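K.L.:
This is the structure I have questions about; it appears just below.
Nothing in this text is a laboratory measurement; each read-out follows from the coordinates by a stated rule. The shown structure was predicted, so the numbers you read here are calculated from the model rather than taken from an experiment. Here the Cβ positions follow ideal geometry from the backbone for every residue, glycine too, while neighbour counts run over all protein chains shown.
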Amino acid sequence: MFLKRLLILALFLSSISLSAQLKEAQIDKLIKETLTTFDVPGISVGVYKDGKEVYAKGYGVRSLTSKKDMNSNTLVGVASNSKGFTCFALAMMVDDGKLNWDDPVRKHIPEFQLHDAWVTEHFTVRDLVTHRSGMGLGAGDLMFFPEGNDFSVQDIIDKVKYLEPETSFRSKFAYNNNMFIIAGEVLKRVSGLSWEDFIETKIMKPVGMKNSKASYNRVTDKSNIIEAHTRAEGKVIQIPHDWSETANAAGGIVSNVHDMMAWAKFLMNDAVTESGERLLSEAQFHELWQLQTPLKVRANDTYDSNFKGYGLGWFVTDVKGGYKQVYHTGGLIGTVTQFTMIPDLDLAIVVLTNQMNGSAFSTITNTIKDSYLGYEDRAWLQRLGKRNADYLKYNDSLKAEVFAKVEKAKMHLTIPAPEQIVGTYTDDWFGDIVISHDGKKYSIKCVRSPRLFGELLPYNATTFVAKWNDRSYDADVFVQFTFNENEKAVSATMKYIAPITDFSFDFHDLELKKTH
């Protein structure tokens with residue numbers, strides 16, 4: 001009788017869970033409202049459950065200029081969702097006996113060197129892909145971000161030694177793309193294939209990701225690919241595609257919701273393809289989702305999580321009831337994406353967008369996920385919509401205040417004269433930044449990243465504001481000069497003026513010395 005009651009209760013709870021799951025029309029409505037609330041031109045969404053696609057659609061437009069529809073086949077740069085592929089590839093090399101996670105990086109890249117000699121010798125392949133280098137958030141990202149710079153992978157390997165750590169080695173999580181770029185070079189050297197060739201031939205092809213490519217430049221048919229969009233000067237605009245091929249191992253993959261669901265199905269089938277081919281040993285596959293670098297769980301976590309951290313190319317946490325969640329997000333200039341799996345529920349959710357607003361993908365993922373976890377409607381659209389509006393208003397107010405002071409500074413008599421600051425300023429890893437004056441106004445140009453070019457506007461007696469010509473970057477910065485006893489600038493530092501600036505614009509890591 002007791003067992004019978006348990007069975008009835010289980011069936012009852014199952015029916016509640018099933019009835020709570022969003023229907024197709026509800027997801028349709030959710031996406032449409034998300035487009036409007038967050039001013040996103042186009043979004044595609046895929047939901048995989050119990051061995052099959054249960055939802056795959058796109059709404060809105062993939063381009064504000066062409067007005068062509070976004071659909072489930074539309075290609076999108078998945079950005080840092082590529083990191084899971086990089087680690088999967090490295091794990092395959094471990095299976096082949098060509099690599100060990102705890103190999104020193106210098107075993108495979110002898111010229112690899114970090115700021116600290118001891119750390120250099122002890123820095124492992126595992127350290128490359130777990131964001132625990134000791135360097136700050138996004139340190140050195142300006143070597144590949146934005147597109148148009150001339151830094152190569154070898155340049156990055158040669159110059160990371162100039163990036164000073166913010167914390168001790170392995171003591172704190174701080175997201176770092178350059179370490180993944182170097183991990184891609186490790187893969188190249190041990191496999192004999194480029195990162196791009198390896199990902200496409202050894203992973204994408206057997207998994208069945210038929211329309212995906214390892215980099216934007218490998219997409220030969222661009223008839224159904226997004227254009228990038230971002231909010232600039234208070235309005236969402238279309239902008240050129242922006243991604244440096246140097247950083248493919250950190251975020252180069254281009255895919256769509258169908259292919260990303262194929263990837264999810266493969267992963268939740270323990271790395272076994274539909275044809276029955278195992279691409280990774282059980283031991284190495286298990287290793288990928290093990291916690292490597294812990295992260296704090298908030299006191300009032302919205303998913304009742306007990307732990308959170310980073311594995312090998314994946315964030316890992318538990319959600320309601322102790323279900324393991326494996327996930328990642330990705331962001332480029334003009335697009336953000338989210339990929340979420342709950343293997344115990346055989347559930348995956350893919351959200352691809354063509355606008356830089358993470359609140360949009362969080363709204364969709366959380367709402368769909370909640371319906372499978374049994375949470376009542378928690379009004380994510382309204383909550384995140386308000387938070388987003390408040391955040392944009394706050395950032396806009398900061399920028400307005402700064403530029404109001406710039407206007408007042410035009411009449412300030414203590415603004416430095418051109419002969420005090422004009423010249424070349426050099427940073428050990430980023431190279432030269434040139435400040436010039438044409439008789440009327442100042443300009444600033446980053447020599448190795450020429451798209452970072454703009455006007456230098458007086459702010460006060462020691463500080464200017466760099467206003468970049470490309471307003472889509474939303475990355476204007478203070479430039480603060482240090483003067484010698486002769487009132488000539490000898491050095492400069494930079495700091496962004498509003499927190500909305502993407503962390504990959506790591507101007508704050510520059511230590512500029514005036515060289516001539």
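K.L.:
Describe numerically, in nm with one decimal, the distance between label points set 7 Å from Cα along Cα→Cβ at Glu407 and at Ser223.
P.N.:
Calculated label separation equals 5.1 nm.
K.L.:
To the nearest Å, what is the center-to-center distance of the range 388-405 and the range 92-139, using C-alpha atoms only?
P.N.:
Using only Cα atoms, the two centres lie 40 Å from each other.
K.L.:
Which whole-number percent is the relative contact order of the chain (Cα, under 8 Å, 6+ apart)?
P.N.:
This gives 17 percent for the chain.
K.L.:
Give the calculated FRET efficiency between His122 and Asp39 to the nearest 0.05, with a Förster radius of 56 Å applied to their Cβ-Cβ distance.
P.N.:
So the FRET efficiency works out to roughly 0.75.
K.L.:
A follow-up question, please. With no solvent and one point on each alpha carbon, what is the Debye value of log10 I(q)/I(0) for the range 201-294 at q = 0.11, 0.25 Å⁻¹?
P.N.:
-0.46, -1.29
K.L.:
Tally Lys/Arg at +1 and Asp/Glu at -1 over every other residue whose Cβ is under 10 Å from the Cβ of Glu511; what's the total? It would help to have the intermediate numbers written out before the result.
P.N.:
Working: positive: Lys513; negative: Glu164, Asp427, Asp428, Asp509.
Charge balance near Glu511 sits at -3.
K.L.:
Counting only the backbone N, which residues of the range 79-113 are under 16 Å from the spot 7 Å out from the Cα of Asp197 toward its beta-carbon?
P.N.:
none
K.L.:
Would you please calculate the Kirkwood hydrodynamic radius of the range 23-392 over all C-alpha pairs and express it in Å, rounded to one decimal?
P.N.:
Kirkwood radius, the range 23-392: 20.9 Å.
K.L.:
Residues in the range 291-310, backbone N under 18 Å from the label point at Thr167 (7 Å along the Cα-to-beta-carbon vector): list them, ranges by number please.
P.N.:
It comes to 291-299, 307-310, nothing else.
K.L.:
Could you check the spin-label model distance between Gln382 and Ser305? Points 7 Å from the Cα along Cα→Cβ, value in nm.
P.N.:
Taking the two extended label points, one gets 2.5 nm.
K.L.:
As an exercise, identify the chymotrypsin sites (Phe, Trp or Tyr not before Pro) in the range 219-287 lying in DSSP coil whose Cβ has no more than 15 other Cβ atoms within 10 Å.
P.N.:
When the chymotrypsin sites (Phe, Trp or Tyr not before Pro) of the range 219-287 are filtered for loop state and at most 15 Cβ neighbours within 10 Å, nothing remains.
K.L.:
To the nearest 0.05, what FRET efficiency results for Asp432 and Leu295 with a Förster distance of 30 Å applied to their C-beta separation? Working shown, then result.
P.N.:
Values: r = 37 Å, r/R0 = 1.24.
Plugging the Cβ-Cβ distance into 1/(1 + (r/R0)^6) gives 0.20.
K.L.:
Kindly provide the GluC sites (Glu not before Pro) of the range 317-421 that DSSP labels as loop, not H, G, I, E or B, and whose Cβ sees at most 16 other Cβ atoms within 10 Å.
P.N.:
Listed in order of number, the matching sites are Glu376.
K.L.:
So how far apart, in nm, are the two label points at Glu511 and Ala417 if each is 7 Å from Cα heading toward Cβ?
P.N.:
For Glu511 paired with Ala417, the spin-label model returns 3.2 nm.
K.L.:
Can you give the Rg/Rh ratio of the range 61-204, where Rg is from the C-alpha atoms and Rh is the Kirkwood radius?
P.N.:
1.03
K.L.:
So, one more: Spelling out what I want: for every residue of the range 240-257, take phi, set θ = phi - 60°, compute 6.51 cos²θ - 1.76 cosθ + 1.60 (Karplus), and round to whole Hz; glycine and proline get x.
P.N.:
x, 3, 9, 6, 7, 4, 4, 9, 4, 5, 9, x, x, 5, 10, 8, 9, 5
K.L.:
Under 11 Å from the Cβ of His241, count the other residues' Cβ atoms, weight Lys and Arg +1, Asp and Glu -1, and hand me the total.
P.N.:
That works out to -2.
K.L.:
Sticking with this one: With a sphere of radius 12 Å drawn around the Cβ of Phe123, what net charge do the other residues whose Cβ falls strictly inside it have (Lys, Arg +1; Asp, Glu -1)?
P.N.:
+1
K.L.:
When all C-alpha to C-alpha distances in the range 412-514 are sorted into bins of 10 Å, what percent of pairs does each bin hold, rounded to whole numbers?
P.N.:
16, 53, 28, 3
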